[in-house]
Every structure is written in structure tokens, then in C-alpha cells.
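Asker: Dumping the structure here so I can ask a few things about it.
The numbers here are math on the coordinates, done by the rules we state, and not lab data. Fair warning: this is a prediction, and the values are worked out from it, not measured in the lab. We place every Cβ from the backbone using ideal geometry, glycine too, and count neighbours over all the protein chains shown.
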Amino acid sequence: MAIQVRGVSKRFGDAVALEDVNLDVPTGSLTALLGPSGGGKSTLLRVVAGLETPDSGKVFIDGEDVTGLAPRDRGIGFCFQHYAPFRHMTVFENVAFGLKVRRRPKVETRRRVSELLELVRLEDLANRYPSQLSGGQRQRMALARALAVEPRLLLLDEPFGALDAKVRQELRSWLRRLHDEVHITTVLVTHDQEEAMDVADRLAVINLGRLEQVGTSAELYDNPVNDFVLTFVGPATRIAGRFVRPHDVTVSREPGPDGSFPAKVTRVTHLGFEVRVELELELESDDTWVQLDRDTARDLDLHIGENVFLEPRDAPGALDPNGSVTRLPAPDPEDALNHAHA
Amino acid sequence: MSVVTAPDTLGTADAGGTGGGVTANRGRPDRGPRARGAASRRFLVRGGLRLFTVVYLAMLVAVPVGAIAYKAFAPGFSEAWRDLTNPEGLGTHDFVHALVLTLVVAAIAVPLNTVFGVGAAILLARHRFPGSRLLDAVIDLPIAISPVVVGFSLLLVYDNTGWIGSWLAARGIHIAFSIPGIVLASAFISIPYVAREVLPVLQEIGTEQEQAAATLGAGPLQTLMRITLPSIRWGVAYGVTLTTARVLGEFGAVSVISGNIQGQTETLTLYVSNQFGNYNLVGAYMGGLVLAVIALMVLGLLSLSKRKESRSWRSKSAESPSGSETLSP
């Protein structure tokens, strides 16, 4: 294991940032810490980096207890959300900084920085200042700077948060390729589930300072341990107080054998392959929506004002195994952890 | 002389006002009487503001300072030059001594307050400790207290009969009525400037760059020298400039603590005052002019280095067009 987090808790005044978090990050993996803003994921990353000291608990890197070590002794590379470029230094000097303060020979520093600038495709901009770079270029400079000291771990705090959509997409796949090339254990923080699913091979969902679930994106999507994970990872819709995937609902004109809900179609939107149907449930006149594929929608030929029946299908793990219509129990941290380590 | 200067300045202000009105209107299509009314209102506001600023500065600053220069050279340039080199005139032992003393005091007090100011600013911006708010308040105290009172309070403590002064005097060290006292007073009154210039800069740049340096392997000293200090250099430069100007111009505190002994503890400001009191007006004007010139040189040095940096920055930015964002594997 590259990183082992054991029972880490952290408070800022009265606010709980992390509560008894346990997390394993395998060597060479690309893990995303995913969760809503203020959920504690950045704090967890900063605890691993040594930029925050946990109130309790321990952090191990490659089996070594680093809880009491300063950031510079942990062998990490850290990229800040806003890149934290050294504004008074050129791109070259920024990337060379870590080697310079470690007093590496000049020739070696020059060679290594040139290599890294080539890797992040900034070799032509080596003499520019950060203020003269675009957001994406600054991000890549920050990555090169973090990689220069040959860290055991690469920690990225919202690496694509401040970029526009197109650049974000490009950098995302670039980071993926970089990780395949360099194979350095990488942990990134993001609030964007799509980004996390796209880039990372493992996702750790964090909410309200607790680790809810860890797994691949397929595991989280198909077997969420609680409503929070279900609603946060992937689309979710609510039918009679219970959350389901909007494509895991059967729409028919006849009532099903058990547990189907009468509803009135209020809107049908054709989005290419996907057809989005908005409905009003008879029960409590709740609004909901379901997702149909094009063929199913054509067969059904739904019209506004029509009465239909909705039957949530049992997606694996997404629903209560008993098939009851009651809401799933509130997330239990122990349960989440068991799942996380399963 | 103001008859010569003032109308000239006002003339410029008027031209500037008109220019402002024209600029405001330039490149905009006429949008009818309503837009024209707004434009003329804008012209009035802008022109009025400019006129006010220029007249205000002229009456308070430019005219009196210009008058000093004018009066100093009133007898003619050759006369002034003779005065400057003549041992009987400005070239007297007293004037040279006052000039040297002033520079020596500044050379000690300014670095002292620079180190203190930077240290205090870092302490206040980066650390929370008991008494930090008190420190924050005490730093401003020298601005609030009248310099004369500062002088008396220092005298109270550092006089040969004072609390600390008597202890030091027993060991042969005299603070009051000698150069250490003048340095002390100058340092006291100029405490806030560096700290107050640097503190907001530190708060604005935040701690991320310092944290980044820490993750990259820099120790606290390396982070200070390579990241923090370079980041605040302009704040420090402004602070040093203000501190220097303040130290050079200090009169009240220095006048009390120094004892104002001619040729011994007489700084340049005291010299000007004493010459004025002795009806040696040309001497007073010349002294004042020298003070003003030194202060202007300090300000000039600041803007020069600033321009130099921004020019080198601009040339660096000019050489490369905006880079491509595309990443090919």
C-alpha cells in the first residue's frame, strides 16, 4: 500500500472536517477523492501531504509512519488548486525549485527540468513568468514542478477545477496518459463525479468528513452502499421516497404484479439516444423523471397527460433487497467502511 | 514667484480637463440629447475632479516646495553655488555636519525598522499568538503620538537620570543629547511604515506559495529567502522609501532628545530651523532644498527600479506569442 490512513480525525474549531477516516491507496493507482465541497476531501489530501496535522490517527506512506514528518520529508509532490506558482520565477525556475533547494548539481537540474518541461509540453515557454501562461499551462507547470523532486506520491487538489471545459477534458486524458507512463501513485481531489470516473481507477466518496465508500466507478454506480453514494455518483431519481437510477425504472400502461406506482406524464424530451420523461406521481403528487432509450420510448409512444405505471427494477445493490418501498436506512459509517475494505 | 507658477499649473489643469472630456466621448456614436447630457455631465465631473486635485496639490505641495527652490536660488545660481562651496556660507562645518549626521541616522534607523517591520508583518500575517492584536495596535502608536511627546517620553527613560539612561550612564553610555538618542527617536517615529506596507501584501499573496515550497523540500529559511521575501519586495521597497522620508524629515522628537546642539546633535531639519531662527534665510532655504533633493532621490530610485523591472518583464512577455493549449501525446 502506498498510503494507509488510519483513524484520522480533524476539526477546525467546531467544524468536523474528518471523522475517523480509514483509507488504503494501492501503489501505482490513480485514486480520486470524490465528494461535495466542504466534505473534507481536500483536508484528507492535505493531511496525507503533511500540510495539516490530524487531531488523531496516523498516516503511513509505503509502510512508514509519516504522521509527525514535515511535508518536505514525506517524498510527495503536491499540486494546489490554484497551482500556487512562484510568481517571481520563470517556468524553468519554478520547476527547478525543488532540485535547487535540495542542492542537486546544476547540470543534473538543467537536464531534469528540460525533460519535465518536454513531458508537460512547456519546453518553449521555459523563460515565461506564470502570469504569462494560460490556466492549463500553469497547471502543467505545477505538475512538472511537483514531479521534479521524484516524489513517491503525487497529490492533486482539484487539479482541473479552475479550467474551462475543453482544456479540462484535454488535461484529464493527458493526466491519464501521464499516469500510465510514469506510474506514480496519484491521489486527486474532485467534486466532479464525471471527472473522477473518467480519470481515476479507484474512487473514494467522502461526505461530511466521513468516508462513505471506496471502489471502482462501476462498483460505486452499481452497488452504492447508501443513498448518498447513489445520488452523488451518477444520476438518480426518486420514486415514492426511494432513490433509483432513472434508467432502472420500467414504464408501462398496465400495473405491475407488485409495487408499481401510477403517474401522469408531464413532459417528454428527446435527447438523441436518451429520452427523458418527466412525470407526476399520483401518490403525494411528487415530481419525478425516468430515462428511456429511443426504442423503448418509440414502442411506448408516450403523450403528455397520459397515465402510466412506474416500476423500479432491482438494479444490483441499488435497492433494498426485500423490495420494500421504504427508504434505505441512513448511512452507517461502519457499514461504509466494511464496504470500503471489502 | 507664485504668480509665475500658479497660473501655469492651472492652465495645465484646464487643458487636462478638456482632454478628459474629449476622451470620454471618443469612439462613441452620438446617442441623442440624453446621451449628450450624460456626456457633458461626465465631462463636468471629470474636469472638476481634475481641477480640484491639481489646485489642491499645487496650493499645498507644489507651490511651497517650489518656493523653497526659488528662494534658495533667488540671489542667482552663481551666488548659490558660491554659497554651497563657501566655508562661510552653506559649506560651513555646521551644515556638512548636519547633513552627514542626518544620513548616518537614516543609515541606522531605516535598516533597523526594515528588519523589524518585515519581521512584525510576517508574525502578524502568518502566526496567531497571544498578544498579536496588541502588537498590531502598538505598531501604529508612533503615528498617533505627537513627535514632541515621543521625544519627551524617550528623554524620560533614556536621560542620564532616566530609568534605563541612568543604568547606561553608569556604564559610560549616553543616549540622550547624543547620536544614539537621535537614532532611537528616528526609529521610534518611523516604526509603522515597513510593517504597514508589507502586511497587506503578505495577506494578499496568501500561504499557498510557501506551502508549495515546503512540499518541494524547502526549509523555513529557504522559504523565507526564496519565496516570501521576493514576493513582498515591492511592499518592502515602498516601506523603506516612506521610512527614509520620515526619518530625514523628522523634527519634533529629534529636537527634544538631541538637545539641538549646533555642530554636534544638529540634524538637517534642526539646521534649517536654527538658520531660520537666526535670520539666515538663504541658509535655511538651501538646507531645506538639500532635504527635498535627498527625499526626491529616494523616491526617484524607487520608481526607477520599479520601471526597470516592469520593462524587463514586458520585454520577456513580448517575445513569445500566446502558447497553444493543445496536448498531443
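Asker: Based on the Kirkwood radius over alpha-carbon pairs, what is the Stokes-Einstein translational diffusion coefficient of chain A at 10 °C with 1.306 mPa s viscosity, in µm²/s?
Answerer: D = 71 µm²/s.
Asker: Apply the Karplus curve 6.51 cos²θ - 1.76 cosθ + 1.60, θ = phi - 60°, to the phi angles in the range A:63-77 and return the couplings in whole Hz, x for Gly and Pro.
Answerer: Per-residue couplings from phi come out as x, 9, 6, 10, 3, x, 8, 6, x, 6, 9, 9, x, 10, x Hz.
Asker: While we're on this one: Can you tell me the FRET efficiency between B:ARG126 and B:TYR70 if r is taken as the Cβ-Cβ distance and R0 is 56 Å, rounded to the nearest 0.05? Walk me through the intermediate numbers first.
Answerer: Values: r = 50 Å, r/R0 = 0.88.
Efficiency for this residue pair is about 0.70.
Asker: Using the Karplus curve 6.51 cos²θ - 1.76 cosθ + 1.60 with θ = phi - 60°, work out ³J(HN,Hα) for each residue of the range A:16-21 in order, rounded to whole Hz, and write x for Gly and Pro.
Answerer: For the range A:16-21, the Karplus curve yields 8, 8, 9, 10, 6, 8 Hz.
Asker: Take the protein assembly as shown, compute every pairwise Cα distance, and split them into 10 Å bins from 0; I just need the percent in each bin.
Answerer: 3, 11, 15, 15, 15, 15, 12, 7, 4, 3, 1, 0
Asker: Return the sequence-ordered ³J(HN,Hα) values of the range A:158-167 in whole Hz as given by the Karplus equation 6.51 cos²θ - 1.76 cosθ + 1.60 applied to θ = phi - 60°, using x for Gly and Pro.
Answerer: Those phi angles translate into 6, x, 10, x, 9, 10, 7, 4, 5, 4 Hz.
Asker: Moving on to the next point. Can you put A:GLU118, B:GLU266 in order, fewest other beta carbons within 10 Å first?
Answerer: Ranking A:GLU118, B:GLU266 by Cβ neighbours within 10 Å, fewest first, gives A:GLU118, B:GLU266.
Asker: On a straight-distance basis, which lysines could pair with A:LYS58 in a cross-link, Cα separation under 27 angstrom, same-chain partners fewer than 8 positions away excluded?
Answerer: A:LYS10, A:LYS41
Asker: Which parts of the range B:43-79 would a label at B:LEU281 reach, counting a residue when its backbone N lies under 18 Å from a point 7 Å out along Cα-to-Cβ?
Answerer: Of the residues in the range B:43-79, B:63-77, B:79 have backbone N under 18 Å from the label point off B:LEU281.
Asker: Still on this structure: Amide H to amide H under 5 Å from A:THR216: which residues, 5+ apart in sequence or cross-chain, H placed 1.01 Å off N in plane?
Answerer: Excluding prolines and chain starts, which carry no amide H, the hits are A:LEU203.
Asker: Over all directions, average the projected area of the Cα convex hull of the range B:177-293 and note it in nm². Display every interim value, and only then the final one.
Answerer: Details: hull surface 35.3 nm².
Value for the range B:177-293: 8.8 nm².
Asker: If Lys and Arg each add +1 and Asp and Glu each add -1, what is the summed charge of the other residues whose beta carbon sits under 9 Å from the beta carbon of A:VAL268? Please report the intermediate quantities before stating the final value.
Answerer: Values: positive: A:ARG267, A:ARG276; negative: A:GLU278.
Here the charged neighbours net out to +1.
Asker: Using R₀ = 45 Å, calculate the FRET efficiency as 1/(1 + (r/R₀)^6) where r is the Cβ-Cβ separation of B:GLU204 and A:ARG294; round to 0.05.
Answerer: E(calc), rounded to 0.05, equals 0.25.
Asker: Also, quick follow-up: Would you mind calculating the gained length between A:SER131 and A:ASP286 on full extension (0.36 nm times residue separation, minus the Cα-Cα distance), in nm to one decimal?
Answerer: This chain segment gains 50.7 nm when fully extended.
Asker: So, one more: Which aspartates and glutamates does A:LYS100 reach when only Cα atoms under 18 Å apart count, and residues fewer than 8 places away in its own chain are ignored?
Answerer: Straight-line reach from A:LYS100, under 18 Å: A:ASP73, A:GLU108, A:GLU115, A:GLU150, B:GLU210.
Asker: For the residues A:LEU45, B:LEU199, what sequence is obtained by ranking on other C-beta atoms within 10 Å, fewest first?
Answerer: Exposure proxy ranking, most exposed first: A:LEU45, B:LEU199.
Asker: All other residues with a Cβ under 10 Å from the Cβ of A:GLY161 taken together, and with Lys, Arg as +1 and Asp, Glu as -1, what is their net charge?
Answerer: Charge balance near A:GLY161 sits at -3.
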